[in-house]
Each structure stands twice: as structure tokens, then as C-alpha cells.
1. Out of the residues in segment 361-391 meeting the condition of being touching a residue at least 60 places away in the same chain (Cβ under 8 Å) and among the acidic types (Asp, Glu), tell me which one is surrounded by the most Cβ atoms within 10 Å (Cβ to Cβ).
2. Starting from segment 84-109, take each residue that is more than 17 Å from Leu72 (Cβ to Cβ) and list its partners that are surrounded by 13 or more Cβ atoms within 10 Å (Cβ to Cβ) and among the basic types (Lys, Arg), counting only C-beta distances under 7 angstrom and pairs at least six apart or across chains.
3. Residues being surrounded by fewer than 20 Cβ atoms within 10 Å (Cβ to Cβ) and free of Cβ contacts under 8 Å to residues at least 24 places away in the same chain: count how many of those fall in segment 207-226.
4. Counting just the residues of segment 262-272 that are in contact (Cβ under 8 Å) with a residue 60 or more places away in the chain and of a type in the set (A, V, I, L, M), which one comes out surrounded by the fewest Cβ atoms within 10 Å (Cβ to Cβ)?
5. Mind checking which residues of segment 173-193 are surrounded by 20 or more Cβ atoms within 10 Å (Cβ to Cβ) and closer than 18 Å to Gly217 by Cβ?
6. Where residues in segment 273-285 are out of contact with any Leu (no Cβ under 7 Å at 6 or more places or on another chain) and not hydrophobic (A, V, I, L, M, F, W, C), which of them is farthest from Tyr173 (Cα to Cα)?
7. Quick one: in segment 336-349, which of the residues that are charged (D, E, K, R) and without any contact (Cβ under 8 Å) to a residue 40 or more places away in the chain is least open to solvent (accessible area, probe 1.4 Å)?
8. Which ones in segment 273-324 are loosely packed, with under 11 Cβ neighbours inside 10 Å and hydrophobic (A, V, I, L, M, F, W, C)?
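The values are calculated or read from the model by the stated rules, or taken from the named source; none is laboratory data. Note that this is a predicted model, so its numbers are computed, not measured. Here Cβ is always computed from backbone atoms with ideal geometry, including for glycine, and neighbour counts include all displayed protein chains. Heads up: the accessible areas ignore ligands, DNA and RNA and are worked out on the full protein's heavy atoms, side chains in. Shrake-Rupley method; radii C 1.70, N 1.55, O 1.52, S 1.80 Å.
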Amino acid sequence: MPWKTKDQIGLRHELVLRMQKGQETVIELSREFGVSRETAYRWKRRFREGGLAGLQNESHRPKRSPGRTQQLWLVRLRRLRQRRPTWGVRKLSYWLGRRFGQRGMPAAATLGRWLKRWGLARGRRRRRVGPVVVRRRPRPAQRCHEVWTVDFKGWYRTGDGTRVDPLTVRDLYSRYGLAIVLLANQGVESTRREFLKIFRRNGLPERIRCDNGAPFGGGGPTGLTRLSAWWVTLGIEVEFMTPGRPCENGAHEQFHRVYKAEVAKKPARNRAEQQRRSNKWLRHYNQERPHQGLGMKLPEECYRPNRRRKPVRRGRWRYPAGWLQRWVKASGEISWEGSRRFVGEAFGGNWVGLKSMRGGVWRVYFGPVLVGEMHAEEEGGLRPARHRARR
């Protein structure tokens, strides 16, 4: 018997009356009325205690809510929010606990939910969106010195406990190892000094491929650090790997695995001796070890000297006519229209170019690299460029 053909109260009453007569079993009645035996006994009990009124639907809301926020605390919270509209929920919670005590005070998360429910939560400031720059995926090398791959192999300790961070540099096309330098740390200045020596010996590549971590990559709008920004000033294109895809530099990772197994796993007594062992191993790698990726040729057989030498000194960037030029201070700021605008510490000690767009918008360039946009009506820094990988 479907419940919807009659009034629910009447059906419940009929079920209880037939149960009281005892002429049919509870199982048979439950099957006929489409309810469980527990439900049938519950209606019988409620009818015995309250009559027809006991067969009415009751609210499922619990009679007691020990965790329910007391109304007094909600009043206090609302009043404090009106007096302190800029405070965050943590400051509000701390002030309420200090003023009225911690006994019975709701958690900060609970206070935050009530503020959202009232529409009084302090919204986060939306990040201003800058221009979109499509970043090309790493491209294969077609000739020597077109792409160098650089990285730091994981640090290890020599026999006397000295920590060394191996900086490794290779030519991607020929797999020729250009340098393995054991540094004390991965600092920008020490790494830059070593690259200056490498450039003097081997010239300049067209592109350098590296990961997004320090000291090569940073968290600024372009991903450049003072080291990689220096590469840009030398006319080298910086080719960052896609985050989470180490396979884009897989050949260099294989180079590290071989070095670890043959040299770093059993280090020498000190750094100087370990550096000599690393140099000897690198000569062996270039001159004696066949490489499967080269058709079992030696890297030295595929390597060619570099004709692109390092310039003695580079002057200031030359930007197109009509652009404004601003000097970037060590703090990463420039002076523009009577105020200071932050563009990035990586560009400190260099010139940036400002290209005028429509509506009081200026695009900021560091050489060929688009940094972001500055809007005349906005204060502070700039809207950083958003880099998106090409699919």
C-alpha cells in the first residue's frame, strides 16, 4: 500500500490500530505498509504516548547543541567588527579572548564563518593581472654552442667533511662537458665568477637551459635572478624548463648519475683533491667514453670551438626611439612620475625601457624581456607578466 495514496497521519493511525488488534504479524503489516519493523513499533509507541498528535512529523533538529556558538559571543563579535573593520579574524579572536576570557569562546575558524555569513569578512585583495607572455618550450639543439645545459648536482661531502656543490655545464648538441666546479655553496656571486671563467674559455652560447630554482631562477615576474639577468645582458637567451618536467633536461640528469656513480659516491679527502678527480673524470667523459645519443661517438668528436666570444664590456641597453629609460636601483625600484615603482631586484644596476601603450599604460622591458605593465592611476609596483607555456 503506497503511502502517497492516503494522508500520512491516517495511514500511521491505521497501522497502529491493526497492530493493536493482533490479528496480523508485524512483519506482514510492515511489508504491506512499506515500512520497517522498527518504524512500525516507533509509531505504536508514539501513539500510546501522545495519541494522534504523536503521529505528527517531528523536527530532526537535536534538542541540545553543546557545540553551538552562544549568542553572546556573536553579539560581541559583531560589535567588534563594526569598530575594527580592517582587522583579520585572528586579531578579532585574540582581542575577544583578552577582553572576555577564553572560557566558552568559539574558535577563530568559527568566528570567521560567522563573519562570512554576515557578509562582514575582510576580502583578500585581488592580484592585479599583467600581460600574458607565451613561453616557448625548450627546443633541441642543432649545432654546438646553440644550447648549454647548466645545473647543480646535489651536494655531498668530501672525506674531511667539507660540503661541496658541483656546478656542471655541458653543450647539449655534442654532450661535451664544459666544466665541473666544486663550489662551497650555490650563491649568486660565486656562481657568477665561475661562469665568467667558463665564458672566457669557451665563449658564449646562444641559449642556456636551466631549472627554475636558485641561483638560476627566482620568484619574480620574469623568473630571472641577478645571475640569469646577467646572462640576458650578455645576449644569451635564458630557457627555463617547465616546472615539474625534469625530462626536458634529461641528458644532463644522466650526466649527473654517471658522475655520482663514478666520482661522487667515493669522494677524495678534501675539496682540492676531489676537484682534480672531477677534472680527470670530465676529460675521460669527453675523450674516451662513447655516447649512445651520438651514435657511439665521443663527445670530443662532435664538439667544435665556439666563435661567439664574450664581449669585453656591454654598455646600456639600447631601446627603440620614443621609449623612456629608467635606471633600476639595487632595491629593484625605478623613479617614475614622482614616485618609486618596484620592477625587480634582479634588474638592479641596469636600465629598463618603458613603452607607452593606450590609456596611461606603460610596458616595462628588460632588454628583450617583457617584465610587466605599469598603470598611471595605480600606486606601488607593476602588474607582472604572466608566463604561459606553449602547448
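1. For segment 361-391, the residue satisfying everything is Glu373.
2. So the pair list comes out as Thr86/Arg122; Gly88/Arg122.
3. 2
4. The residue in question is Ala268.
5. Of everything in segment 173-193, just one residue is surrounded by 20 or more Cβ atoms within 10 Å (Cβ to Cβ) and closer than 18 Å to Gly217 by Cβ, namely Thr191.
6. Restricting attention to segment 273-285, the residues satisfying the condition of being out of contact with any Leu (no Cβ under 7 Å at 6 or more places or on another chain) are 273, 276-277, 279-285.
Retained after the next criterion (residues that are not hydrophobic (A, V, I, L, M, F, W, C)): 273, 276-277, 279-280, 283-285.
Values: Glu273: 30, Arg276: 26, Arg277: 25, Asn279: 21, Lys280: 22, Arg283: 17, His284: 18, Tyr285: 15 Å.
Ranking the candidates gives Glu273 first.
7. Residues of segment 336-349 that are charged (D, E, K, R), as a first pass: 337, 340-341, 345.
Still in the list and also without any contact (Cβ under 8 Å) to a residue 40 or more places away in the chain: 337, 340.
Numbers: Glu337: 124, Arg340: 145 Å².
Here the answer is Glu337.
8. Met296, Val312, Ala321
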